[in-house]
Amino acid sequence: MSEENFICRNQSCGTPWEQSEVVIKNEGQGPLFRCPLCGARNYLEVFEGDDGKPVYEQVDGKPFL
Ligand SMILES: [Zn+2]
């Protein structure tokens, strides 16, 4: 089973990252990571996986609050 990649949403960057390559944090608008290359914010949704560990999925743009 391959790990799902994130892709930087900055169109001039578009670099794919594995979850292990980025730092996921929450600045109050849900989980996000900053692209290590260009610094763009990439927003994520978090789900609880079968094993109880968080699973992150990338969302387009900003999450609606
Ligand atoms: Zn980027």
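Would you pick out the residues in region 25-45 that are surrounded by 12 or more Cβ atoms within 10 Å (Cβ to Cβ) and of a type in the set (S, T, N, Q)? Even if it seems obvious, please write down each step before you answer.
Within region 25-45, the first condition is being surrounded by 12 or more Cβ atoms within 10 Å (Cβ to Cβ), and the residues that meet it are 30-38, 40-45.
Hit for region 25-45 is 42, nothing else.
Does region 6-45 hold any residues that are assigned to a loop (DSSP other than H, G, I, E, B), away from the ligand (no atom under 13 Å from the Cβ) and in contact with a strand residue (DSSP E or B) (Cβ under 9 Å, 6 or more places away or on another chain), and which are they?
Filtering region 6-45 for residues assigned to a loop (DSSP other than H, G, I, E, B) gives 8-15, 18, 22-23, 27-30, 35-40.
This time we only want the ones that are away from the ligand (no atom under 13 Å from the Cβ), so: 18, 23, 27-30.
Within region 6-45, 18, 23, 27, 29, 30 qualify.
For region 6-24, taking the residues that are open to solvent by 90 Å² or more (accessible area, probe 1.4 Å) and farther than 12 Å from residue 58 by Cβ, the one that is farthest from the chain's Cα centre (by Cα) is identified as 12. Scanning region 46-65 for residues that are crowded, with 16+ Cβ neighbours inside 10 Å and not in a loop (DSSP other than H, G, I, E, B) turns up 56, 58. Restricting the first member to region 10-30 and to residues that are on the phi > 0 side of the Ramachandran plot, and the second to residues that are assigned to a loop (DSSP other than H, G, I, E, B) and not aromatic (Phe, Trp, Tyr), the beta-carbon pairs closer than 7 Å and six or more apart or on different chains are 14/8; 30/63.
The values are calculated or read from the model by the stated rules, or taken from the named source; none is laboratory data. Everything numeric in this text was worked out from a predicted model, so none of it was measured. Quick reminder, even Gly has a Cβ in these numbers, built from the backbone with ideal geometry, and neighbours come from all protein chains shown. Side chains included, ligands, DNA and RNA excluded: accessible areas come from the protein's heavy atoms. Shrake-Rupley method; radii C 1.70, N 1.55, O 1.52, S 1.80 Å.
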